[in-house]
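Remarks on the structure that follows.
The values are calculated or read from the model by the stated rules, or taken from the named source; none is laboratory data. Quick caveat, the model's predicted, so the values are computed rather than measured. Cβ atoms come from the backbone with ideal geometry, glycine included; neighbour counts cover every protein chain shown. Only protein heavy atoms, including side chains, enter the accessible area calculation; ligands, DNA and RNA are left aside. Shrake-Rupley method; radii C 1.70, N 1.55, O 1.52, S 1.80 Å.
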Amino acid sequence: MSYQVLAQKYRPQTFDDVIGQDTVTRTLKNSILQGRIANAYIFCGPRGVGKTSIARLLSKVLNCEKDPDKRPCNSCPSCVEISQGNNIDVLEIDGASNRGIDEIRTLRENVKFSPSKGEYKIYIIDEVHMLTAEAFNALLKTLEEPPAHVKFIFATTEPHKVLPTIMSRCQRFDFKRIPPAMIYDRLMDIANREKIDIEEKAALVIARSADGSMRDALVILDQMVSFSGGKIRSGEVIDLLGMVHKDKIFELSDSVIENAPEKLISILDELINNGKDPVFITNSLISHYRDLMILKTAGKPTSDMAFSPDEKKKIDEQVEKLTIEEILYVLQNLTHCLSLMKNTFFARAPLELTLIRLTKRSSALQLAEVVKKLDNPSFGVDRDVHSLGAQARSEKPVNRPPRHKEPGSASPDPSRSDNDQPQDDQSERSAEFHWKALLNYVRNKKMSVYTFLNAARPVELNSKKVIIGFGKEHAFNKEALETENNRLIIEEAAGKVLGASPRLEFTLLEFISENTGEDDPKAEEKLMAEKKKMGPVIEQAMDVFGGHVVRDMKEGPAR
């Protein structure tokens, strides 16, 4: 007798043998017991999850000769022939190779004939989405009102390609991916029956790599038996499938967590030199950090996750070392790395760049800290105000040269003390102190406004009026700050610093030339010709990135 592969040998022979599809099997068993058999069924789901197997089971039940309790007996000629795939009343059709209208016309002619042995003539059409639109339309009438002795069972991995008119005439069943834990249990049971020496960790690796497909898992198990001679170890499975050792993924992740770029590059170089694809390594890291994200958020694994005791211990340790913000930051950079790899032939470089950046993540400002500063603009202002105030009080009067005295002006009275006379130096220091405090407040509130304001100088700064002047080369800054949102921020800052609500004014200091210090009589005319309103798109970009516009008055308007 020829060898029978494990996927065929252990195909489910009863509804109870089916794993991972409890909803489907329960519904079908109840409909059989109640005699509520539909004209047509459509089974939708990924490969290897039991669609064709359940279609055969349903065919067995409907045509079983013994049928004592509405279950396939698997011993009568009908059940045996269906299991072997040679029953003349159960026709399995490949939709990919019989997709045209001519094949469907032939099918329509054949449905008129009664079954040869069983009670029903059953058509199982696999990959039904491959049929053409004309073939689907030719099948509509027969599908809706077939002869009493005909049943249709369709199977597809891409239900969105099936015409809605076909879907509406069928009872739809959606098959789920089989969880790795169920695949693992099934593999260990089959290995025990076949006397296969398989390591538990190896069975877990196979279950994870099968991606929810029981058939894929059994095919890998068959391959591993041939490769290892009946003694299957996890390292051999990983090597045969071209996977990345889970231990190496843990080591890469530890290098990121410990901020160790040298160790990280060494591990990555070893993996790539051993033939591992950088894209595959990146996907493995994304899968690993996705597990960390789920465990950090939900506290327990989802149904598609499976770990050995040793892996569970390691992953729990990494979860404790990382915050959810760090995990999300890593995932965001790794997924971006995949898009970079598509645009380069040297896929190794984007991965190295991304992983080294992740080891330097501590130098990046955390989002929570940014939000805290924005929500609490007084943070830093009070500190700076206090230090500036102390500095202003501690500074000694500066000996300045005597001011130019206009003809006819009165000389100061030498008999009056310094405290009795106006102190210009102290006023200047007070204005400087308040101006620095105002700038500091605005900087913590909105960086783009601070950038514009930093080019200005205070003309008048007191509790009643604040006049801010700009040189002719910064007329654009003045226009930007005169917008409602930016003006409100400066008014708020002035109120906090001066303890009042002064009137705010902006002005152009046209008598000041920032480059030469000389008057420019044509400055106003030039500025009026150059002035343009800042567009909303530019303003929004500047708000986001904290930038400002640079204008060269000699070369033309801002670019």
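Just list whichever of LYS263/LYS313; LYS321/LYS436; LYS263/LYS342; LYS29/LYS201 have alpha carbons separated by over 32 Å in the model shown.
LYS321/LYS436; LYS29/LYS201
From the P(r) of the stretch 238-304, could you give the percentage of C-alpha pairs in the tail past 13 Å?
For the stretch 238-304, the share of Cα pairs beyond 13 Å comes to 66 percent.
Share of Cα-Cα pairs in the stretch 67-215 beyond 27 Å, in percent?
Summing the P(r) of the stretch 67-215 above 27 Å gives 42 percent of all pairs.
Tell me which residues come under 5 Å, amide H to amide H, from ASP197 once H is placed; ignore anything under 5 positions away on its chain.
ILE232
Could you list which residues have their amide H under 5 Å from that of LYS121, counting only those 5 or more apart in sequence or on another chain, with H placed in the peptide plane?
Close amide H contacts, sequence-distant or interchain: VAL150, LYS151.
What accessible surface, in Å², does a 1.4 Å probe find on LYS176, ignoring ligands, DNA and RNA and rounding to the nearest 10?
Ignoring ligands and nucleic acids, LYS176 comes out at about 120 Å².
How would you order 152-165, 341-354, 281-294 from highest to lowest mean count of nearby Cβ atoms within 10 Å?
Ranking the peptides 152-165, 341-354, 281-294 by packing returns 281-294, 152-165, 341-354.
Percent relative contact order of the stretch 82-230, based on C-alpha pairs within less than 8 angstrom and at least six residues apart?
Over the stretch 82-230, the number comes to 19 percent.
Hey, what's the Cα Rg ratio for the stretch 180-326 versus the globular rule of thumb, 2.2 N^0.38 Å?
Ratio of Rg to 2.2 N^0.38 Å for the stretch 180-326: 1.10.
Report the relative contact order of the stretch 151-226, percent, no decimals, based on alpha-carbon pairs under 8 angstrom and at least 6 residues apart.
30
Output wanted: per-residue J couplings in Hz (rounded whole) for the stretch 5-12, from phi through Karplus 6.51 cos²θ - 1.76 cosθ + 1.60, θ = phi - 60°, x for Gly and Pro.
Each residue's phi maps through the Karplus curve to give 5, 4, 5, 7, 5, 10, 5, x Hz.
Take the stretch 246-353, compute every pairwise Cα distance, and split them into 5 Å bins from 0; I just need the percent in each bin.
Using 5 Å bins, I get a P(r) of 2, 11, 23, 24, 20, 12, 6, 1 for the stretch 246-353.
If one computes the Cα centroid of the stretch 241-274 and of the stretch 1-59, what distance in Å separates the two points?
One Cα centre to the other: 43 Å.
So who's got an amide H within less than 5 Å of the one on ALA40, skipping anything under 5 residues away but keeping other chains? H placed 1.01 Å off N, in plane.
For ALA40, whose amide H was placed from the backbone, the distant partners under 5 Å are PHE152, GLN171.
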